[in-house]
1. Roughly what percent of Cα-Cα pairs across the range 28-158 reach past 25 Å?
2. Taking the chain as a Gaussian network, where each spring joins two C-alpha atoms under 10 Å apart, which residue of 95, 169, 71 fluctuates the most?
3. Considering only C-alpha atoms, what is the centroid distance from the range 80-94 to the range 111-188, in Å?
4. Can you give the Rg and Dmax of the range 18-92 based on its C-alpha atoms, in angstrom?
5. Helix 168-184: angle to the longest alpha-carbon principal axis of the chain, degrees 0 to 90, nearest 10?
6. Using only Cα atoms, tell me the angle between helix 117-129 and the longest principal axis of the chain; keep it within 0 to 90° and round to the nearest 10.
7. Which of 99, 10, 68 has the fewest other C-beta atoms within 10 Å, and how do the rest follow up to the most?
8. Compute the relative contact order of the chain as a whole-number percentage, counting only Cα pairs closer than 8 Å that sit 6 or more residues apart in sequence.
């Protein structure tokens, strides 16, 4: 093992913390090496390259987000589950902006299949079964929910909503209410 007790898991956790502090785009092998007070080369016995580090970070963040969402929706159905899912998703994005950005990275199919990305899809599909939505409509609804949640959070975090006097909380609540209405009346 290299100096400073380095492991792939420890590097990934440090990269996650760094991403939240300085932004995902600023997480580099050099920045991580500086964090641990070692040379860049010391990290390469634990990670292949910067891409490998970002993939590990994405997998970690997806697992954290999945755990939060699972806890939030446990025992809920219908609108209650939708609101709990949406709230947990948004809260995670605000509390961990760099990690949240990592959840949006495109993963290769094998990594996606073995990561929590599949768990997210299954939790979303479980919520949609409560609305009596089945394939192919589920896929469309999964995409609608993800694009609405991600779009809202991204615009909110960029400051796009702050110039209007109506609070972002009120608009968020209305957006989730509207999603519930759409899901309850999904066209056959």
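Just so it is clear, none of the values below were taken in a lab; they were calculated from the coordinates. This is a predicted model, so every value here is computed, not measured. Using ideal geometry, Cβ is built from the backbone for each residue, glycine included, and neighbour counts are taken over all protein chains shown.
1. Beyond 25 Å sits 33 percent of the P(r) for the range 28-158.
2. Fluctuation is largest for 169.
3. Rounded to whole Å, the Cα centres lie 9 Å apart.
4. Calculated on Cα positions, Rg and Dmax stand at 16.9, 52 Å.
5. 60
6. 10
7. 10, 68, 99
8. Numbers: 155 pairs, mean separation 38.8, N = 188.
Normalised by residue count, the contact order of the chain is 21 percent.
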